[in-house]
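The values are calculated or read from the model by the stated rules, or taken from the named source; none is laboratory data. Just so it is clear, the model here is predicted, and its values are computed rather than measured. Glycine also receives a Cβ, built like all others from the backbone with ideal geometry; neighbour counts cover every protein chain displayed.
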Amino acid sequence: MPAFRHRAHINRLFDLCVSVTEEEPPPDAADNVHDAADIASPSPLASAICAVCRGTCCHLGGEHAFLDPAAIRGFMARSGGIVDPLEVVYAYAARLPRWGVEEGCVYQAETGCTLPRWMRAAICNAYRCQGLRKAEAVIDEMGTGRFFVVVRKDNRIRRSAFVDGEGIRHYPAEP
Ligand code: SF4
Ligand code: SF4
């Protein structure tokens with residue numbers, strides 16, 4: 001991960017934390033601190049589908065990682081007393097991966113997001129692309145336990161895999 005990307009994120013995060021501590025929280029701020037249900041992990045099958053995709057939606061995270069005032073207020077509320085902007089920045093900076101994904105989010109590593117769910121922006125925990133929403137509907141309605149996942153980009157198939165309770169089987173097998 002190039003150092004300039006870390007620096008860009010840290011500078012932005014510091015400004016964000018300072019503005020959060022200096023401004024009066026909006027009246028509905030407490031309602032916007034997403035609760036445990038919002039930060040629950042997707043099902044193992046849905047997680048496996050995202051793993052085959054390798055976080056395409058995270059590519060939009062860039063150097064901002066979607067962190068906003070609500071995410072910072074949520075972090076402060078759940079951290080057990082961290083409210084100093086420098087300490088907040090330190091907590092996040094400590095999670096920045098050394099090896100990242102080219103043109104991905106600064107927290108996107110080969111194994112997925114390096115932020116625990118409770119430190120992420122609400123959209124990071126809630127977002128489901130159309131393909132994942134369809135798969136989750138099929139899981140809920142039909143109890144399907146296996147899928148064949150095809151990842152496309154620029155109208156070309158980039159990779160594909162079988163996913164089920166046993167894990168991920170790439171087809172064709174990856175080297
Ligand atoms: S939500 Fe969709 S785009 Fe995002 S990682 Fe999962 S499958 Fe990929
Ligand atoms: S913070 Fe994590 S979940 Fe959110 S965009 Fe970045 S890598 Fe993806």
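A compact table of results
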| quantity | calculated |
| --- | --- |
| Some residue of segment 152-167 being part of a loop (DSSP other than H, G, I, E, B) and either surrounded by 13 or more Cβ atoms within 10 Å (Cβ to Cβ) or touching a Pro at 6+ places or on another chain (Cβ under 9 Å) (or both) | yes |
| Verdict on E103 being farther than 15 Å from I10 by Cα, loosely packed, with under 15 Cβ neighbours inside 10 Å, more than 10 Å from ligand 2 (Cβ to nearest atom) and not aliphatic (A, V, I, L, M) | yes |
| Every residue from segment 104-152 that is acidic (D, E) and either more than 14 Å from P42 (Cα to Cα) or within 15 Å of ligand 1 (Cβ to nearest atom) (or both) | E110, E136, E141 |
| Meets criteria (of a type in the set (D, E, K, R) and within 12 Å of ligand 1 (Cβ to nearest atom)) for R78 | no |
| Options R128, R120, R98, R54; residue that is in contact with a strand residue (DSSP E or B) (Cβ under 8 Å, 6 or more places away or on another chain) and either more than 23 Å from I10 (Cα to Cα) or away from ligand 2 (no atom under 12 Å from the Cβ) (or both) | R54 |
| In segment 56-96, the residues that are surrounded by fewer than 18 Cβ atoms within 10 Å (Cβ to Cβ) and either under 15 Å from the mean Cα position of the chain (by Cα) or under 13 Å from C124 (Cα atoms) (or both) | T56, C57, H59, L60, G62, E63, H64, F66, D68, R95 |
| Any hit, segment 39-54, residues being within 26 Å of R7 (Cα to Cα) and either within 16 Å of ligand 1 (Cβ to nearest atom) or at pLDDT 95 or above (or both) | yes |
| Helices (runs of 4 or more DSSP H) fully within segment 37-140 counting 2 or more residues that are farther than 27 Å from V163 by Cα and touching a residue at least 60 places away in the same chain (Cβ under 8 Å) | 85-93 |
